[in-house]
1. Which one is surrounded by the fewest Cβ atoms within 10 Å (Cβ to Cβ), of the residues in region B:43-88 that are of a type in the set (Ser, Thr, Tyr) and at pLDDT 95 or above?
2. Tell me, which residue of region B:106-117 that is within 12 Å of chain A (Cβ to nearest Cβ) and buried (at least 17 other Cβ atoms within 10 Å of the Cβ) is nearest to A:Leu75 (Cα to Cα)?
3. Taking B:Ile147 as the residue in question, decide whether it is of a type in the set (Val, Ile, Thr), under 14 Å from the mean Cα position of the chain (by Cα) and under 19 Å from B:Ser41 (Cα atoms).
4. Output the qualifying pairs, or none if there are none: Cβ atoms under 6 angstrom, residues six or more apart or on different chains, first residue in region B:28-47 and more than 14 Å from every other protein chain (Cβ to nearest Cβ) and part of a loop (DSSP other than H, G, I, E, B), second residue crowded, with 19+ Cβ neighbours inside 10 Å and hydroxyl-bearing (Ser, Thr, Tyr).
5. Is at least one residue of region B:88-105 within 14 Å of chain A (Cβ to nearest Cβ), touching a residue at least 12 places away in the same chain (Cβ under 8 Å) and not aliphatic (A, V, I, L, M)?
6. May I ask you to say which residue of B:His48, B:His79, B:His29 is more than 30 Å from A:Met65 (Cα to Cα) and out of contact with any His (no Cβ under 9 Å at 6 or more places or on another chain)?
7. Which condition breaks for B:Arg73 when tested against (1) of a type outside the set (Val, Ile, Thr); (2) touching a Pro at 6+ places or on another chain (Cβ under 6 Å); (3) within 14 Å of another protein chain (Cβ to nearest Cβ)?
8. Take the residues in region A:34-59 that are within 12 Å of chain B (Cβ to nearest Cβ) and small (Gly, Ala, Ser), then tell me which one is surrounded by the most Cβ atoms within 10 Å (Cβ to Cβ).
Amino acid sequence: MELDYEGKIISMKTPPESYLIFKEELKKAEIEKERLKAEYEEKLREMNMELSFLKEQISSQQDMMKTTLTYASRLENEINGLHKQISEDKKQRKGSFH
Amino acid sequence: MKESTLSQQPNVSQFESHFDGRFAKVTYHEPSGIIICELKSEYVPIEHFKDIFYKISELVKRGISQKFIFDKRALRAFHQPSMEWYFVVWKKEMYQHGLSLHRKILPDEPWFQKSVEIAKEQIVKNYPDTIVDKLDIRYCDSIQEAIEN
């Protein structure tokens, strides 16, 4: 039986030092776990943001390609039309001479 | 003597930083009224793009409105809605604040330059009331060249 400084009986024994160390380590581990969780979530958020930027970039590049191809097709049609007109003009000129 | 001092253009190292972010770096030189915007990313999402230009507007409204140099060399994707907004809305608003000299530096890639040309042609076609004819727009190869011309 142990008594305190006023002579009252202490029913509970002081926890062993190893238990206190374990409790302290557990607390530290929990803090570390929370820190790692927050860090992981932040990295995930950043990665998702970068991914959405990349998706936007790809879509924008596809639009660029579409615009360029539409432009090239229009030019091709214009050139074909011009060639056709030139050959028709040539035929007409030949016809008028002979 | 006085004239030569006035006509002397600043060096890039004399520019002060307005901000330096994830997508762009903006510097300015108050005595000459020149602003430089250097894009730092292959692509700039529209909300960030607008944010950059709203920040540049602060400088223009403060009277730093002689010349705007837009260095797009880092870009690899041309976002049409962003460029439309820049061309139709921002440039028009800044023109009202006295900014009419625009110098642009494009990426070296000829395909990119062609895309810009096509996109610009489309914007002019879609928005016939733009103030583009009132602006002095030139393409340059380097920032120093853009400062001097």
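1. B:Tyr54
2. So, considering only residues that are within 12 Å of chain A (Cβ to nearest Cβ) and buried (at least 17 other Cβ atoms within 10 Å of the Cβ), the one nearest to A:Leu75 (Cα to Cα) is B:Ser115.
3. So B:Ile147 does not fit the description; no.
4. B:Gly33/B:Ser65
5. No, that holds for no residue.
6. Exactly one residue qualifies, and that residue is B:His29.
7. It is condition (3) that B:Arg73 fails.
8. Here the answer is A:Ser59.
The values are calculated or read from the model by the stated rules, or taken from the named source; none is laboratory data. Remember, predicted model here, so these are calculated numbers, not experimental data. A quick note on method: Cβ atoms are made from the backbone with ideal geometry, for glycine too, and the neighbour counts reach across all protein chains shown.
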